[in-house]
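Here the structure comes first, spelled out in structure tokens, and everything after it is commentary.
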Amino acid sequence: SNVTIMALSYEKYEFLKRLGIEKDNLGTYNGKWGGKGASKPLACPSTGEPIANVTETTEEEYEETLKIMEKAAKEWAQWPAPKRGEVVRQIGNALREQLDDLGAIVSLEMGKIKAEGIGEVVEFIDICDFAVGLSRTYSGGVIQSERPEHFMMETWNPLGICATISAFNFPVAVLGWNAAIALVVGDPVLWKGSSTTRLTSVATTKVIVDVLEKNNCPTGLFSLITCTSKLGNKILEDKRIPLVSFTGSTAVGRHVNTSVASRFGNAILELGGNNAVIINEDADVTLAIRSC
């Protein structure tokens, strides 16, 4: 039966257990774990074998998450930037401790070689280091006034909830590039990972929220939703989310940009597609196949 296959596939990988992944996983986090939607198996792309299940987020849970995050936004904005940076520093260290296992789950679920899986987790760690420095250096300006004995001061205020919609090919790094910066400057992060790398999303979220909980950060400061594009579209239209960062195809990116711009939101887009590979007759075929 399917249950038997899934149990066998899951049991093969000790690192999944160390990352807190189980045969059946909840795919929603907003201060607590949930996921009342359909439970779907995630497969290894190189074998087609199902690994484990992840439940999807319902519309009701999405609404609950946004309400929690709005409250978190107000509280997090009051934390001093260096204190926010300290939390991000700890996230970087937590990722270091789980580096090998996180690299392994990226490789298993996404299909890239383990060295590259580890490499992209390192990218998240590196941006945490950058963000920690930023927490003690970003500033406003002092501006000359046309009025005698006056001057003007400029300060930067947090935007609010920042959503990251990441693609399958970099299921950890893209989140890191967005989340580390957003958290340091005072913005909560809502993450919708790719539908084909949901185990990686759950495992990475567990590492992050463990640090947030230990530091008594606002509830739902970092939240995860697992959903299809239908619920994902709510993010694009939601005025409570002033910034949406999307990584994916050019066609979908055009839709994201149009939807977010129509409500005067901010969009960050990293777009592309699937590229063909041309292998010449005189190529080393074995090496070329590995490269592909």
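Structure above, values below:
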| quantity | calculated |
| --- | --- |
| Any hit, segment 221-237, residues being among the polar types (S, T, N, Q) and either farther than 27 Å from Gly34 by Cβ or crowded, with 16+ Cβ neighbours inside 10 Å (or both) | yes |
| Unmet criterion (only one of (1) part of a helix (DSSP H, G or I); (2) within 16 Å of the chain's Cα centre (by Cα); (3) closer than 21 Å to Asp210 by Cα) for Thr57 | (1) |
| Those residues of segment 9-35 which are open to solvent by 30 Å² or more (accessible area, probe 1.4 Å) and in contact with a strand residue (DSSP E or B) (Cβ under 6 Å, 6 or more places away or on another chain), in sequence order | Lys23, Asp24, Leu26 |
| Hits in segment 181-194 - residues which are in contact with a strand residue (DSSP E or B) (Cβ under 8 Å, 6 or more places away or on another chain) and either open to solvent by 30 Å² or more (accessible area, probe 1.4 Å) or in a helix (DSSP H, G or I) (or both) | Ala182, Leu183 |
| Residue check, Val244 in contact with a Leu (Cβ under 8 Å, 6 or more places away or on another chain) and not polar (S, T, N, Q) | yes |
| Count - residues of segment 242-267 that are under 24 Å from Gly31 (Cα atoms) and touching a helix residue (DSSP H, G or I) at 6+ places or on another chain (Cβ under 6 Å) | 3 |
| Residue match in segment 231-247 (condition: modelled with pLDDT of 95 or more, among the acidic types (Asp, Glu), assigned to a loop (DSSP other than H, G, I, E, B) and in contact with a Pro (Cβ under 6 Å, 6 or more places away or on another chain)) | no |
| Scope segment 101-149; condition open to solvent by less than 90 Å² (accessible area, probe 1.4 Å) and part of a loop (DSSP other than H, G, I, E, B); matching residues | Gly111, Lys112, Tyr138, Ser139, Gly140, Gly141, Ser145 |
| Where a residue in segment 152-164 is in contact (Cβ under 8 Å) with a residue 24 or more places away in the chain and of a type in the set (A, V, I, L, M) and its partner, wherever it lies, is part of a loop (DSSP other than H, G, I, E, B) and buried (at least 23 other Cβ atoms within 10 Å of the Cβ), with Cβ under 6 Å and at least six apart | Leu159/Asp187; Ile161/Pro188; Ile161/Ile241; Ala163/Ile241 |
| Flag if Ala131 is in contact (Cβ under 8 Å) with a residue 12 or more places away in the chain, within 30 Å of Cys44 (Cβ to Cβ) and not polar (S, T, N, Q) | no |
| Where a residue in segment 67-94 is touching a residue at least 24 places away in the same chain (Cβ under 8 Å) and its partner, wherever it lies, is open to solvent by 80 Å² or more (accessible area, probe 1.4 Å) and part of a helix (DSSP H, G or I), with Cβ under 8 Å and at least six apart | Gln90/Lys214 |
| Sole exception among (1) in a helix (DSSP H, G or I); (2) open to solvent by 10 Å² or more (accessible area, probe 1.4 Å); (3) more than 19 Å from Ala94 (Cα to Cα); (4) at pLDDT 95 or above for Asn178, by number | (3) |
| Filter result (surrounded by fewer than 20 Cβ atoms within 10 Å (Cβ to Cβ) and out of contact with any Gly (no Cβ under 7 Å at 6 or more places or on another chain)) within segment 36-49 | Lys36, Ala38, Ser39, Lys40, Pro41, Ala43, Cys44, Thr47, Gly48, Glu49 |
| Output for segment 150-175, where each listed residue is open to solvent by 40 Å² or more (accessible area, probe 1.4 Å) and touching an Asp or Glu at 6+ places or on another chain (Cβ under 6 Å) | Pro158, Leu159, Phe170 |
| All positions within segment 229-274 that are charged (D, E, K, R) and under 17 Å from Met69 (Cβ atoms) | Lys234, Glu237, Asp238, Lys239, Arg240 |
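Residue-by-condition table, conditions (1) in contact (Cβ under 8 Å) with a residue 60 or more places away in the chain; (2) open to solvent by 60 Å² or more (accessible area, probe 1.4 Å); (3) more than 26 Å from Val106 (Cα to Cα); (4) among the aliphatic types (A, V, I, L, M):
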position: Ser201; (1), (2), (3), (4): yes, no, no, no
position: Asn216; (1), (2), (3), (4): no, yes, yes, no
position: Arg240; (1), (2), (3), (4): yes, yes, yes, no
position: Thr250; (1), (2), (3), (4): no, yes, no, no
position: Phe264; (1), (2), (3), (4): no, yes, yes, no
position: Gly272; (1), (2), (3), (4): no, no, no, no
position: Asn275; (1), (2), (3), (4): no, yes, no, no
position: Ile289; (1), (2), (3), (4): no, yes, no, yes
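The values are calculated or read from the model by the stated rules, or taken from the named source; none is laboratory data. Just so it is clear, the structure is predicted and the values come from calculations on it, not from any experiment. Quick reminder, even Gly has a Cβ in these numbers, built from the backbone with ideal geometry, and neighbours come from all protein chains shown. Side chains included, ligands, DNA and RNA excluded: accessible areas come from the protein's heavy atoms. Shrake-Rupley method; radii C 1.70, N 1.55, O 1.52, S 1.80 Å.
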